[in-house]
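Before any comments, here is the structure.
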Amino acid sequence: MTSSDAQLLLDARNAPAAFEQLVARHLDTVYRYVARRLGPTNAEDVVSEVFATAYAIRGRYDASRPSALPWLTRTTAGCARCRSGRTQRHRTKHGSQKPFGSKAEGVQSFHGPVLVAARRAGRGMLAAQVG
């Protein structure tokens with residue numbers, strides 16, 4: 001039997017493997033959403049940031065809601081807005097000569113359950129950030 005997102009997030013408070021299942025379940029949807037808004041170049045960093053943020057605040061999830069997708073979508077929209085603003089400020093300050101990258105802007109790669117789940121989901125996109 002498949003656990004609901006709410007149950008996975010409750011379980012993830014003590015067992016990171018439950019969060020891996022949540023990531024595997026929603027990774028493609030979150031990636032497509034970000035890629036449409038910001039393009040594939042920035043999508044990988046933002047997706048990593050989304051799931052790192054979700055993992056950090058997993059204890060605040062309202063478990064009365066069975067699907068985490070609306071919660072992840074709000075988190076994704078916030079991360080995408082921040083990235084879009086940072087990208088615009090970078091272009092204004094430096095022109096388009098220098099590529100914008102998460103490491104220059106302090107976005108941390110997430111090395112825990114998100115990375116493992118991404119690998120299991122067949123996506124190398126988050127794994128590439130660790131390398």
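Where a number appears in this text, it was derived from the coordinates with a stated rule and is not lab data. All figures in this text were calculated on a predicted structure; none of them were measured in a lab.
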Next item on the list: May I have the pair-distance distribution P(r) for the stretch 1-48, computed from all Cα-Cα distances with 5 Å bins from 0 and rounded to whole percent?
Entry: 5, 22, 24, 16, 15, 12, 6, 0
Next item on the list: May I ask for the percentage of alpha-carbon pairs in the stretch 1-86 that lie more than 19 Å from each other?
Entry: 34 percent
